[in-house]
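Working notes, structure below.
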Amino acid sequence: MPRAPRISLEGLVYHVINRGNNRQDVFRDEEDFDTYLRTVIRFKEKYSFKLYGYCLMNNHVHLILEPVKPNTLSKIIQSITLSHIRLYHSKYKSSGHLWQGRFKNPIIQTDEYLSQCLKYIELNPVRANRVARPQDYRWSSYKFHAFGKDELKLLDKDPAYLSLAETDTARQKAYQNFMGLQQDESIVGRIRKSITNDSILGSDGFIDSLGERLNLARPIPRGRPRKR
């Protein structure tokens, strides 16, 4: 069965998930994590995409990004991935497939859905029992959102984050409070379903408006059934 084409329009935000082949580790030490982030910076400068959040785990990555130009998402991720593969094999004197064949990229509505998706990925290390608190994990965007820390100058402020308050200090406090609340299992389920099905994470109205923009004859995959 042929693969469905990736939806690529100006102004869309994507939750990109890429996993190691057969769930193998793609980062073995701290240098590997750091090298990957610097690779992201290099291609961010080349393609000028906006990066709103990330979380790097040993065998997979989450990136929340907005390409500035349409039809560049695949180029962005392929460039980052291929560069990482070359550096990894050179360092470890290895060869063969490192990442799985096709990354996932569900579209996210830029409101509460985006905030919840950021929360989901930044809590990933806590759910995996890597750390007790999200601020204790080095390889995520949590410290940027909660404390304004971004040593690599890698991240951008998304529309949902900017709407939290009028100043950076107030936004950071609001984000800390938001992250301190237990995440509703229903939204966690929807996020996981959007990843599994590569379906849009958003309201029915958002999905329908996107369909109108695309003028598609086929229905757009949904993260949940339409309400009747």
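The values are calculated or read from the model by the stated rules, or taken from the named source; none is laboratory data. Only a predicted model underlies this, so the values are computations on that prediction, with no experimental measurement involved. Every residue, glycine among them, receives a Cβ derived from its backbone with ideal geometry; neighbour counts consider all protein chains shown. The accessibility values were calculated without ligands, DNA or RNA, using every heavy atom of the protein model including side chains. Shrake-Rupley method; radii C 1.70, N 1.55, O 1.52, S 1.80 Å.
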Q | segment 47-92: number of residues that are in a loop (DSSP other than H, G, I, E, B), open to solvent by less than 30 Å² (accessible area, probe 1.4 Å) and of a type in the set (Ser, Thr, Tyr) | A | 1
Q) Could you list, in sequence order, the residues of segment 102-117 that are not charged (D, E, K, R) and not in a loop (DSSP other than H, G, I, E, B)? A) 107, 108, 113, 114, 115, 116, 117
**Q.** helices (runs of 4 or more DSSP H) within segment 118-197 that include 3 or more residues open to solvent by 30 Å² or more (accessible area, probe 1.4 Å) and modelled with pLDDT of 95 or more
**A.** 168-180, 185-197
Q) Among 71, 22, 105, which is the only one that is modelled with pLDDT of 95 or more and polar (S, T, N, Q)? A) 105
Q | Unique match (being touching a residue at least 60 places away in the same chain (Cβ under 8 Å), over 24 Å from residue 146 (Cβ atoms) and not β-branched (Val, Ile, Thr)) among 100, 78 | A | 100
Q | Selection from segment 1-15 of residues that are farther than 16 Å from residue 71 by Cβ and surrounded by 12 or more Cβ atoms within 10 Å (Cβ to Cβ) | A | 15
Q. Any idea how many residues of segment 16-46 are among the polar types (S, T, N, Q), more than 19 Å from residue 138 (Cβ to Cβ) and open to solvent by less than 20 Å² (accessible area, probe 1.4 Å)?
A. 1
